[in-house]
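Visitor: Here it is: the structure, laid out below.
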Amino acid sequence: MKRVILILLTIITLVPLLSSLWASFQEPQIQGRLELYQTNLVLQAAEYDPNSTATTSPEAIATLVTQLTGQDPYSSAIAQYKKVLSSSEARQKLLTDSTETSATQTQATKKAIAETATLIDELQLRLGILYASRGKLEQAQQRWEAISGEESDGLAQTLAPLWLNSQAPTDPDALTQAQLETWFEQQNLQKLYQIQDNLPAQQQLQQQIQQNAQRAFLKLTVITVLPFSVGLFGLGFLIFLGVQAFRKQEAALLHIDDQATWNTPWNGEIIWQVFIVGFFLVGQIILPLALPIALQAFSIDATAWSVREKAVYTLITYSLMAIAGLIVLAASVWEFRPLPQGWFQVKWLDNWTVWGFGGYMVALPLVLLVSLLNQQIWQGQGGSNPILFLALKAQDQVALTIFFLTASVMAPLFEEIMFRGFLLPSLTRYVPVWGSIILSAFLFAIAHMSLSEVLPLMTLGIILGFVYVKSRNLLAPMLLHSLWNSGTLLSLFILGS
């Protein structure tokens with residue numbers, strides 16, 4: 001009877017799981033948006049003139065600016081915007097084609113089509129400004145003429161005479177009310193003040209440009225130089241590990257003894273029960289159904305929430321899922337107490353920090369390489385974790401603190417207990433240790449519900465599993481997981497600002 005119930009629950013759980021994965025296929029990745037944010041940061045930093053500020057070595061800083069932004073950041077920015085535009089147009093076609101082949105069009109699909117159309121117009125608008133600022137007026141005109149949305153088209157009609165005919169717009173305030181990114185707004189104002197021959201305004205704008213450029217330069221340094229340095233060290237460490245594995249074989253750090261398994265007193269039915277009931281059923285069905293009903297019962301409109309309120313809701317939802325999952329786990333293994341030695345080990349006086357930091361340095365270059373390959377496969381589609389979009393837009397310190405608590409504290413604790421503390425050792429009863437690492441990493445990636453993130457997260461999961469197997473201390477993968485999520489949130493905060 002228990003197995004019949006588990007089979008039914010598995011079928012019930014698979015439906016929303018597969019549905020969520022399919023829905024993520026039609027969603028854009030956050031990577032394209034992040035690349036645009038970084039492109040905008042590069043454009044700002046490229047305007048930095050160290051000679052205009054009190055610096056001790058302007059030549060050295062100018063060289064570093066060039067290294068960070070590239071020899072021709074404007075052509076690179078045009079290429080990046082065209083790349084995101086191409087993927088957005090492909091997504092629009094995919095959504096439109098899927099709508100034409102189906103009898104009904106859901107509200108979510110309508111919203112996705114409208115949002116994609118708006119994004120395409122915004123990209124065309126900015127591409128036009130990029131071309132115009134480089135003197136390529138014909139290409140700028142073509143971009144602005146391709147805009148169809150009312151809001152972007154209105155701004156394009158203001159920009160066309162400004163750039164193409166050197167005529168001041170009848171409503172100059174439209175240039176500052178358009179909510180363009182800093183660099184694009186400054187380019188428009190520069191052109192306007194030149195036409196008006198407004199020297200004081202030009203001088204004041206130049207001061208603002210240099211202040212913004214200096215801040216952008218510092219931000220770009222943090223999000224590129226630091227990860228690059230850590231990743232470079234990690235790549236060197238990887239090469240060392242590879243050479244050591246070739247020379248020392250069984251004595252190498254990379255070697256894992258397939259006989260070094262855990263003594264697992266429970267069978268596959270318990271593993272099945274914990275993850276179907278404690279993880280997927282609660283996280284994918286019960287909570288997503290129960291929480292909206294509860295909000296509706298109290299007449300709470302979640303669509304009107306601020307970022308801070310969404311952050312609190314995310315934390316509460318994740319906490320409830322974690323508590324329920326751990327209760328199911330504890331109840332499932334309760335009858336096997338006392339557990340054999342080595343289960344759920346937490347050893348504070350150990351070298352777990354070495355394994356955690358070492359794993360993080362190795363994960364950076366490996367996951368980056370896999371992510372680059374992954375982008376070629378998915379071409380901007382496949383979805384991303386919703387919390388990433390929220391964190392990218394959140395400039396509220398309270399909201400960011402809550403996101404940090406969710407992603408860098410709660411997630412490492414709960415997910416490492418479930419996937420590395422329980423699932424990986426349990427699987428060693430049936431498959432070799434490396435097989436357990438890979439299988440647990442695959443389920444870890446699938447659990448994040450985004451097709452485009454499966455390969456990168458599986459790579460991270462394999463490293464987390466390896467670190468746990470070698471350290472036999474849950475604190476090590478927890479630290480690695482926390483460092484990874486913290487680094488991601490820090491980058492999102494800097495880019496979003």
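The values are calculated or read from the model by the stated rules, or taken from the named source; none is laboratory data. Just so you know, these numbers come straight off a predicted model, no measurement behind them. With ideal geometry, Cβ positions are generated from the backbone for all residues, glycine too; neighbour counts draw on all protein chains shown. We work out accessible area using only protein heavy atoms, side chains counted, and drop any ligands, DNA or RNA first. Shrake-Rupley method; radii C 1.70, N 1.55, O 1.52, S 1.80 Å.
Visitor: Mind checking which lysines have their C-alpha under 18 Å from Lys219, skipping anything on the same chain fewer than 8 residues away?
Guide: Lys393
Visitor: Okay, next question. Please sort through the DSSP H helices of the chain and keep those with an alpha-carbon extent of at least 30 Å along the long axis and a Kyte-Doolittle average not below 1.0.
Guide: Helices meeting the span and hydropathy rule in the chain are 2-25, 226-248, 307-333, 352-378, 475-496.
Visitor: Let me ask you something else. For region 190-217 and region 432-463, compute the distance between their C-alpha centroids and round to whole Å.
Guide: 49 Å
Visitor: Related question: Return one whole number: the accessible area per residue of the chain in Å², for a 1.4 Å probe.
Guide: Counting only protein heavy atoms, the per-residue value for the chain is 51 Å².
Visitor: What is the packing order of peptides 242-252, 154-164, taking the mean over residues of other C-beta atoms within 10 Å and listing the highest first?
Guide: 154-164, 242-252
Visitor: Place the peptides 355-368, 298-311 in order of packing, highest mean first, counting for every residue the other Cβ atoms within 10 Å and averaging per peptide.
Guide: Result, highest mean first: 355-368, 298-311.
Visitor: So, in nm, how far is label Ile293 from label Glu115 when the simple model puts each one 7 Å beyond its Cα toward the Cβ?
Guide: My value for the distance between the label points is 2.6 nm.
Visitor: Under the rule of -39500 (n - 2.57) per DSSP H run of 4 or more residues, summed and divided by the residues of the chain, what mean residue ellipticity at 222 nm is obtained, to the nearest 500 deg cm²/dmol?
Guide: Counting only the DSSP helices, I get -23000 deg cm²/dmol.
Visitor: For Kirkwood radius over Cα pairs in Å, the choices are [x] 24.6; [y] 25.6; [z] 22.0; which was calculated from the structure?
Guide: Computed from the coordinates, Kirkwood radius over Cα pairs in Å corresponds to [y].
Visitor: Using a ≥ b ≥ c from the Cα gyration tensor of region 90-246 (square roots of the eigenvalues), is it rounded, prolate or oblate, where a/c under 1.5 gives rounded and otherwise the larger of a/b and b/c decides, a/b for prolate?
Guide: oblate
Visitor: Straight-line reach from Lys347: which lysines have a Cα under 26 Å away, not including same-chain ones fewer than 8 places off?
Guide: By straight Cα distance, Lys347 reaches Lys470.
Visitor: Rounded, prolate or oblate: which fits region 282-324, taking a ≥ b ≥ c as square roots of the Cα gyration tensor eigenvalues, rounded meaning a/c under 1.5, else prolate when a/b beats b/c?
Guide: Here region 282-324 falls in the oblate category.
Visitor: Using 7 Å Cα-to-Cβ label points, what is the Trp434/Leu368 separation (nm, one decimal)?
Guide: Result for the modelled spin labels: 2.7 nm.
Visitor: Just check region 158-286 against the gyration tensor rule for me: Cα atoms, a ≥ b ≥ c as the square roots of the eigenvalues, rounded for a/c under 1.5, and otherwise prolate or oblate depending on whether a/b exceeds b/c.
Guide: oblate
Visitor: Something else now. So between Arg215 and Val409, what do we pick up on full extension, going 0.36 nm a residue minus the alpha carbon distance?
Guide: Value of the extension gain: 66.9 nm.
Visitor: Considering only protein heavy atoms and a probe of 1.4 Å, how much of the accessible area of the chain is carbon and sulfur, as a whole percent?
Guide: Exposed carbon and sulfur together represent 61 percent of the surface.
Visitor: Checking the cross-link filter: which aspartates and glutamates have an alpha carbon closer than 18 Å to that of Lys248, excluding same-chain neighbours under 8 positions apart?
Guide: Asp257, Asp258
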